[in-house]
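Report on the structure given below.
The values are calculated or read from the model by the stated rules, or taken from the named source; none is laboratory data. Treat the numbers as computed from the prediction; the structure is a model and nothing was measured. Cβ sites come from the backbone with ideal geometry, for glycine too, and all protein chains shown count toward neighbours.
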Amino acid sequence: MPLKALAFFNTSRIGKKDIERIGNHLKKRGIEMALCDNYRSCEIKDLQLVLTFGGDGTVLKAVPCALQNSAPILSFKIGSVGFLSAFELNQLNEAIDSYLSSSLVEDRRALLRIESALGTEYALNDFVMERSKPSRTIYLKVIIEGFSPYLVAGDGIIISTPTGSTAYNLAAGGAIIDPASSVYQVTPLSPHNPYVGCVVVGNSRKTTIELLDDRGYPLDCYSDGVYAGRLKEGQKVEVILSRKSVILLRPKEFDFVGVMREKLAFGGRLRDDFQKR
């Protein structure tokens, strides 16, 4: 009986002929590949593997399906920067051989659970709340369970997992966190008060964010980069690190600093000094 896999492709980077070629190749290896266009409604009975071909965005789109079916994600990078993808496309044979021989490493990643009037969301990278109208300051109250509340006046807030710490969070001045850590962080977007920075929160604490004043324009919300809807003044969002997780399959243990050095030139300014020593 063939192994069942569901594949997500970034069709702006890979054509139909290549997709058909990959499908035929997998079929010869005993893997039946189905395609998913609408990532929130793809269902396959007895699904065993989720495949992604693209960048980090393609991996993120596959998360709801992987979570729903308790299936691991095997990812192939087609693009430039990619923290989540484990293999290059030209390593397809190597990756499939390793998977079939059960020799890949399981990299388990925690998810955020977000509850609001929009429903319940799970995010691997982040949940972003930001103003829907340029040049309009929004006012938010942040309540971290067990701590005193504080206010944020600015463009919005990012709540990110350790996995998402190197995404939008990093650009907003947030901390870089080891992906294996059981924490999440709350990072303000362009706060008017320069002393309001990111707060790293323990996994047992829930964070509630209330929209105090939207200046007449609702707040836009995004879960892992996908538009989730709008929240109005007086509405709240509750966030906590979920017990649920997804598995990313890798050829070896994840070298977090090594990937940052490769993708972000982490420590690059010291390169000349290292060479001299």
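Check segment 116-125 and report whether any residue there is among the small types (Gly, Ala, Ser), under 19 Å from the mean Cα position of the chain (by Cα), under 24 Å from residue 165 (Cβ atoms) and surrounded by fewer than 18 Cβ atoms within 10 Å (Cβ to Cβ).
Within segment 116-125, not a single residue is among the small types (Gly, Ala, Ser), under 19 Å from the mean Cα position of the chain (by Cα), under 24 Å from residue 165 (Cβ atoms) and surrounded by fewer than 18 Cβ atoms within 10 Å (Cβ to Cβ).
Which condition number does residue 85 fail, the rest of (1) hydroxyl-bearing (Ser, Thr, Tyr); (2) farther than 28 Å from residue 22 by Cβ; (3) surrounded by 14 or more Cβ atoms within 10 Å (Cβ to Cβ); (4) modelled with pLDDT under 95 being met?
The single condition residue 85 does not satisfy is (2).
Listed here are the residues, each with its yes/no results for (1) more than 20 Å from residue 113 (Cα to Cα); (2) surrounded by fewer than 21 Cβ atoms within 10 Å (Cβ to Cβ); (3) in contact (Cβ under 8 Å) with a residue 40 or more places away in the chain; (4) in contact with a helix residue (DSSP H, G or I) (Cβ under 6 Å, 6 or more places away or on another chain).
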| residue | (1), (2), (3), (4) |
| --- | --- |
| 134 | yes, yes, no, no |
| 139 | yes, yes, yes, no |
| 144 | no, yes, yes, no |
| 156 | no, no, yes, no |
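So for segment 118-134 (the condition being farther than 30 Å from residue 262 by Cα, part of a loop (DSSP other than H, G, I, E, B) and either touching a strand residue (DSSP E or B) at 6+ places or on another chain (Cβ under 6 Å) or at pLDDT 95 or above (or both)), does at least one residue qualify?
Within segment 118-134 (the criterion being farther than 30 Å from residue 262 by Cα, part of a loop (DSSP other than H, G, I, E, B) and either touching a strand residue (DSSP E or B) at 6+ places or on another chain (Cβ under 6 Å) or at pLDDT 95 or above (or both)), the answer is yes, since at least one residue qualifies.
Is there a residue being within 30 Å of residue 100 (Cα to Cα), in contact with a Pro (Cβ under 7 Å, 6 or more places away or on another chain) and not in a strand (DSSP E or B) anywhere in segment 181-194?
yes
Name the single residue that is surrounded by the fewest Cβ atoms within 10 Å (Cβ to Cβ) among those in segment 20-58 being in contact with a strand residue (DSSP E or B) (Cβ under 6 Å, 6 or more places away or on another chain), touching a residue at least 24 places away in the same chain (Cβ under 8 Å) and part of a helix (DSSP H, G or I).
26
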